[in-house]
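Chemist: Questions regarding the structure given below will be posed in turn.
The values are calculated or read from the model by the stated rules, or taken from the named source; none is laboratory data. What you see is a predicted model; the values in this text were computed from it and never measured. Neighbour counts are summed over all protein chains in view; Cβ atoms, including those assigned to glycine, are modelled from backbone coordinates with ideal geometry.
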Amino acid sequence: MSAAEEASPRIPGSGRYGLSATGPGYHTAHPSIARVWNAATGGKDNFESDRTVLDHMEQTGNDIHIGKAAKASLEFAARATAAVAELGITQWLNLGCGLPPEGYETTLQTVGRRHSDARVLYVDYDRMVTVHGRALLDVKPHTGVVEADARDVDAVLGHREAVVLDSGRPVAILAAALCHFWPDSDEPGAILRRYMARFPSGYLILSHARDDLLTSEERARLVAGYKPTGDIYARPIDVVREMFLDGLELLEPGLVEASTWRPGQGPAEDVGRAHFVVAVARFGRSS
């Protein structure tokens with residue numbers, strides 16, 4: 001057994017995803033996806049290692065504002081969640097949920113203000129995230145937290161806590177700032193389709209890092225800057241559309257930069273060229 005394997009033992013039955021029994025959230029000297037995102041969106045649940053990764057990415061080039069783009073994606077997810085809740089969806093599957101956002105409502109809080117019977121299943125593979133989640137939801141009915149890699153659809157929906165979701169009712173699937181961590185070889189679009197297929201209908205809320213506004217040098221620098229945390233696979237907007245949204249009905253205004261999706265009062269913030277492209281798409285049979 002290597003030193004790395006000894007420090008991070010495998011969970012029995014974790015399969016090809018190789019989940020860590022300790023979870024990335026507990027290795028504070030090494031950055032984690034959830035904590036770098038927390039730092040980028042103004043949170044406090046991060047460490048120097050996470051902030052160092054963010055600093056390197058922010059220095060990629062002119063007009064590349066990672067923090068602004070991350071906040072735009074987070075704010076889109078909040079607006080989209082509220083909009084879909086208004087359409088009558090009461091159960092939610094939050095994939096790669098991350099740490100609770102600083103200064104923003106959680107999915108449960110946003111949906112719960114509109115539906116007293118709201119059900120939310122949170123999914124993340126980071127032990128720090130799931131510990132936070134379980135502490136916050138300890139007394140909340142109709143909620144669950146699954147510690148698993150969201151790519152493993154069977155493990156997520158077969159988990160004992162997944163009983164909070166009714167497979168016979170419509171669902172909202174939230175995949176915000178998640179799928180750009182999945183390589184093409186994992187068939188990210190097919191993974192989301194497998195989740196959709198388990199429910200009769202619903203909405204997909206998607207945000208994804210876009211790279212076709214960057215030069216090849218800038219793209220390489222961003223990938224290298226993020227490498228201490230993990231691999232990232234930002235994609236051109238046309239690839240995002242084809243991979244994840246083909247054949248689905250998009251709510252207005254379609255697939256756009258995050259800050260421009262129903263921004264409300266005032267102009268959308270200029271996030272430069274570090275875009276998250278976002279969409280809300282209806283799937284399944286009509287109700």
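Chemist: From the set of residues in the stretch 243-254 that are part of a helix (DSSP H, G or I) and either free of Cβ contacts under 8 Å to residues at least 12 places away in the same chain or of a type in the set (A, V, I, L, M) (or both), which is surrounded by the fewest Cβ atoms within 10 Å (Cβ to Cβ)?
Modeler: Only one residue tops the list, namely M243.
Chemist: How about the stretch 249-264: which of its residues are over 20 Å from the mean Cα position of the chain (by Cα) and on the phi > 0 side of the Ramachandran plot?
Modeler: Answer for the stretch 249-264, where residues must be over 20 Å from the mean Cα position of the chain (by Cα) and on the phi > 0 side of the Ramachandran plot: just G264.
Chemist: To continue, here is another question. Which is closer than 14 Å to I205 by Cα, in contact (Cβ under 8 Å) with a residue 40 or more places away in the chain and hydroxyl-bearing (S, T, Y), of T60, T81?
Modeler: T81
Chemist: Would you please name the residue that is nearest to Q59 (Cα to Cα), looking only at residues in the stretch 200-241 that are of a type in the set (S, T, N, Q) and not in a loop (DSSP other than H, G, I, E, B)?
Modeler: Step one: filter the stretch 200-241 for residues of a type in the set (S, T, N, Q), giving 201, 207, 215-216, 229.
Now restrict to residues that are not in a loop (DSSP other than H, G, I, E, B): 201, 207, 216.
On the way: S201: 42, S207: 23, S216: 15 Å.
Selected residue: S216.
Chemist: Kindly establish whether D270 is of a type in the set (D, E), at pLDDT 95 or above, at negative phi and surrounded by fewer than 16 Cβ atoms within 10 Å (Cβ to Cβ).
Modeler: Criteria not met by D270.
Chemist: With the stretch 11-128 as the region, which helices (runs of 4 or more DSSP H) entirely inside it contain at least 1 residues that are under 17 Å from the mean Cα position of the chain (by Cα), within 30 Å of D166 (Cα to Cα) and modelled with pLDDT of 85 or more?
Modeler: Fully inside the stretch 11-128 and qualifying: 33-40, 66-86, 107-112.
Chemist: Filter the stretch 202-228 for residues that are at negative phi and either touching a Pro at 6+ places or on another chain (Cβ under 7 Å) or basic (K, R) (or both) and give the result.
Modeler: R210, D211, D212, R219, R221, K227, P228
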